[in-house]
1. Within segment 143-171, can you find the residues that are acidic (Asp, Glu) and over 12 Å from the mean Cα position of the chain (by Cα)?
2. Taking helices (runs of 4 or more DSSP H) that do not extend beyond segment 1-96, which have at least 1 residues that are crowded, with 16+ Cβ neighbours inside 10 Å and in contact with a Cys (Cβ under 9 Å, 6 or more places away or on another chain)?
3. Considering only residues that are under 16 Å from the mean Cα position of the chain (by Cα), of a type outside the set (S, T, N, Q) and crowded, with 16+ Cβ neighbours inside 10 Å, which ones fall in segment 97-126?
4. Return the pairs, sorted by first residue and then second, in which the second residue is aromatic (Phe, Trp, Tyr) and part of a helix (DSSP H, G or I), the first residue lies in segment 76-103 and is over 19 Å from GLU132 (Cα atoms), the beta carbons are less than 6 Å apart, and the residues are 6+ apart or on different chains.
5. List the strands (runs of 3 or more DSSP E) inside segment 116-190, counting only whole elements, that have at least 2 residues being within 21 Å of TYR35 (Cβ to Cβ) and touching a residue at least 24 places away in the same chain (Cβ under 8 Å).
Amino acid sequence: MAYELPPLPYAREALEPHLSAETIDYHYGKHHQKYVTKLNQLTEGGEHADKTLEQIIADAGSGPVFNNAAQVWNHNFYWNCLSPEGGGAPEGPLAAAIEAGFGSLEGFQDEFTQAVVDLFGVGWVWLVKDGEGMVSVIATKDAVNPLTHGRVALLTCDVWEHAFYIDYRNDKAAYMDAFWKLVNWRFVEERYTTT
């Protein structure tokens, strides 16, 4: 099976002014595409050739195959966490879970933002759900994601420099201000209630 770069769920300039079309061109068009291309090269004719991304993440162990499969999965997920109509606040069961886990939406956003700002090097910050429906924030390094921790990913922020450096240089706090204006809460709510 050949892995493919899925289409963006919006136009490349749709997240402006928060994330520029130039950032999308590099992040999606070059970085994400490179992970897909490399994964196809690494898996062609091998033991992982017919596996889903999730199966590779579970089975491959550490190394290039895992790294590229996880980065493809992470980016596929990340683009769906954003929307030109994003921002605002979650509703329903997700809102209740955030209130229970963090005291308030603001408390959650503060903890999530701090995890992004404090992440040394590169990686991802996630809102995750455990088997009991409780939510928490975790930070992962490099390509690691919640699938390797037995958690359900609900929301992620890419903390690799290619995600923000064109627009915000080294100012992760400014990147997070923009991120909260783009969060696709409908996608996050659906993940919470259906996975």
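The values are calculated or read from the model by the stated rules, or taken from the named source; none is laboratory data. None of these values were measured; they are calculated from a predicted model. Here the Cβ positions follow ideal geometry from the backbone for every residue, glycine too, while neighbour counts run over all protein chains shown.
1. GLU161, ASP167, ASP171
2. So the answer is 64-80.
3. Residues satisfying the conditions are PHE112, ALA115, VAL116, LEU119, GLY123, TRP124, VAL125, TRP126.
4. Qualifying pairs under 6 Å: ASN80/PHE187; PRO90/TRP185.
5. Hits in segment 116-190: 123-129, 152-158.
Residue-by-condition table, conditions (1) closer than 25 Å to MET134 by Cα; (2) at pLDDT 95 or above; (3) crowded, with 16+ Cβ neighbours inside 10 Å; (4) assigned by TED's automatic domain parsing to the domain that holds VAL117:
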site	(1), (2), (3), (4)
HIS162	no, yes, no, yes
TYR168	no, yes, yes, yes
ALA174	no, yes, no, yes
TRP185	yes, yes, yes, yes
GLU190	yes, yes, no, yes
